[in-house]
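Each reported figure results from applying straightforward, stated rules to the coordinates on display, with no laboratory input. Keep in mind the model is a prediction, meaning the values are calculated, not measured. Neighbour counts run over all protein chains shown; Cβ positions are idealised from the backbone, glycine included.
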Ligand SMILES: *Cc1c(COP(=O)(O)O)cnc(C)c1O
């Protein structure tokens with residue numbers, strides 16, 4: 001049995017208190033999310049809309065901030081806008097516009113631009129050169145708050161390569177912040193590399209396995 005309480009307290013010992021922990025709960029049931037919540041986790045990340053909606057509904061009595069971190073199809077934007085507080089995977093204007101247009105009254109959605117930091121064909125995310133123009137367009141959408149960028153670096157066991165990607169991400173974030181005030185979040189780092197990510201400026205780490213144990 002995974003000891004969620006212990007995993008969270010160990011994690012909190014390693015990181016400093018201004019790094020946001022996003023517990024990635026994909027494929028994990030609502031009762032385990034509630035367990036993590038009882039142990040001080042307030043932010044949860046989900047990848048698959050239908051699965052997430054079921055859990056969000058069960059857990060609506062809790063004050064959870066829900067983060068959408070999966071691939072976005074435009075026909076899912078309406079439900080994402082209604083049910084999530086953060087969206088990490090905005091990589092085109094069409095999606096930003098749909099989230100904005102479907103945002104309920106009295107709500108705004110925090111968004112991050114997903115950057116394809118290692119230029120991988122298989123990965124979502126915008127290319128570095130197109131970030132500025134997308135950021136400018138997102139800023140003009142009244143229901144969205146542009147908060148920063150998100151990356152998923154190339155999958156490798158060579159931490160030197162990962163660190164190159166992380167360092168590059170930090171530079172991009174600094175540059176963006178010069179142009180857009182308050183745009184300063186970096187969603188970067190998962191169970192295997194979050195310490196390296198924090199060392200390179202990450203402000204939000206996305207931890208699945210490290211909190212909930214292996215996924216089936
Ligand atoms: C699944 C997932 C994570 C969590 O990965 P772990 O290695 O289990 O910590 C983080 N970010 C994204 C985008 C994911 O899809």
**Item:** Extension gain (nm, one decimal) between residue 132 and residue 163, 0.36 nm per residue minus Cα-Cα
**Value:** 8.8 nm
**Relative contact order (percent, whole number), the chain, Cα cutoff 8 Å, 6+ residue spacing** = 20
**Request:** Would you mind ranking 14, 139 so that the residue whose beta carbon has the fewest other beta carbons within 10 Å leads the list?
**Result:** 14, 139
**Item:** Directionally averaged projected area (convex hull, Cα atoms, segment 1-78), nm²
**Value:** 5.8
**Sorted by Cβ neighbour density within 10 Å, fewest at the top, the residues 55, 121** = 121, 55
**Message:** Using alpha carbons only, how many angstrom separate the centre of segment 182-207 from the centre of segment 31-108?
**Reply:** 19
**Message:** Strictly greater than 25 Å: what percent of every Cα pair in the chain meets that?
**Reply:** 36
**Complete:** Beyond 20 Å, the calculated P(r) of segment 82-140 holds a percent of Cα-Cα pairs equal to 26
**Item:** Packing-based exposure ordering (other Cβ within 10 Å, fewest first) of 190, 204, 150, 1
**Value:** 1, 190, 204, 150
